[in-house]
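Working notes, structure below.
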Amino acid sequence: FWTLLNPLLMMLILTIVFSHIFRFELAHYETYFISEYLVWMFFAQTTANSMASLACNWPLMKRVRLPKTIFALSGAIAGLINLGLSCGPMLVIMLVVKAPIRPAMLFLPISFLIIAVFTLGVSLGLSSLAVYFDDVAQMYQVGIMGLMYLTPIMYPKTIIPERYMWLVNFNPLTHLFEMARYPIYYGQLPPPHVIWISLAA
C-alpha cells in the first residue's frame, strides 16, 4: 500500500509546488515527475534495503554457506516487482490528467531491466562497505538526498546553468532515469546516446 501511496503523495505535493508556485512550463507535470520518481524510489529503496539486509544477516552468513549476493539480489527483485506494481497507478494518473499513452511505453521493461542491473551493482558495492564500516549507511542517507537534487527528476534540465550542466550529465542516474522518462513522458524511444551511456554504467 505504501509502495503505491508514496509516489502519489509526492507527485501531488511537487505538482502543487512546481506547477503552481515555481511555474515550470511543462505540460502534464504530473507525468513528467512520476516518470522518473518511480525509478528513483526503486533505486533509493533497493540500495538502502540491500545494504541493511547484508549487514543484518552477516552473522547468519558466517554459520551457513550461501551466496552473499543473494540478499542484494532478492532486494533488487522485490524492488523491481514494486516498480512494476507502481506503473498501475501511474497509468491511472496519466488517464486522469489526459496525458497521452503511446506505444513507446512497451520499451519500459528493457529500461527497467537496465536500471535494475545498475542498481544491483551499486547495492553490492555499498553492501560490501556497510559490513565493515557502520557509518556508510548513515552517510548514504545524506548522500542519496544530494544525489536526488543532482538528478533532474523534479525539474527540467533547461533551468540548469550551463556551467553546472557537466555535473548533471556526469551523473549516471541522469541518463538511466531518462530511459524511463522518454517512453512515458515524451512517448518515444530513448536516444541512442542515452541507451549506450546507461548500458556502460
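Before moving on, here are some points about what is shown:
- Inside region 134-146, residues that are open to solvent by less than 50 Å² (accessible area, probe 1.4 Å) and not hydroxyl-bearing (Ser, Thr, Tyr) make up a count of 5.
- Single match in 53, 35 (criterion: at pLDDT 80 or above, small (Gly, Ala, Ser) and either part of a helix (DSSP H, G or I) or closer than 21 Å to residue 137 by Cα (or both)): 35
- You will find that of 14, 9, 73, 26, the residue that is over 20 Å from the mean Cα position of the chain (by Cα) and either modelled with pLDDT under 85 or more than 23 Å from residue 175 (Cβ to Cβ) (or both) is 26 and no other.
- Residue pairs whose Cβ atoms lie under 9 Å apart, sitting 6 or more positions apart in sequence or on different chains, and linking a residue in region 99-122 that is more than 24 Å from residue 30 (Cβ to Cβ) to a partner that is outside any helix (DSSP H, G or I), are 114/201; 118/201; 120/69; 121/201.
- Number of the condition not met by residue 94 [criteria: (1) farther than 26 Å from residue 145 by Cα; (2) without any contact (Cβ under 8 Å) to a residue 40 or more places away in the chain]: (2)
- Matching entry among 139, 154, 145 (being at pLDDT below 85 and not in a helix (DSSP H, G or I)): 154
- Residue in region 175-191 that is closer than 24 Å to residue 108 by Cβ, aliphatic (A, V, I, L, M) and surrounded by fewer than 20 Cβ atoms within 10 Å (Cβ to Cβ) present: yes
- Filtered residues of region 61-76 (kept if out of contact with any helix residue (DSSP H, G or I) (no Cβ under 7 Å at 6 or more places or on another chain) and either part of a loop (DSSP other than H, G, I, E, B) or open to solvent by 90 Å² or more (accessible area, probe 1.4 Å) (or both)): 62, 63, 64, 65, 66, 67
- Number of positions in region 160-173 that are free of Cβ contacts under 8 Å to residues at least 24 places away in the same chain, surrounded by 11 or more Cβ atoms within 10 Å (Cβ to Cβ) and outside any loop (DSSP other than H, G, I, E, B): 4
The values are calculated or read from the model by the stated rules, or taken from the named source; none is laboratory data. Bear in mind that the values here come from a model prediction, so they are computed numbers and not experimental data. Every residue, glycine as well, gets a Cβ built from its backbone with ideal geometry; the counts of neighbours run over all protein chains shown. For the accessible areas, the whole protein counts, side chains as well, though only heavy atoms, and no ligand, DNA or RNA atoms are used. Shrake-Rupley method; radii C 1.70, N 1.55, O 1.52, S 1.80 Å.
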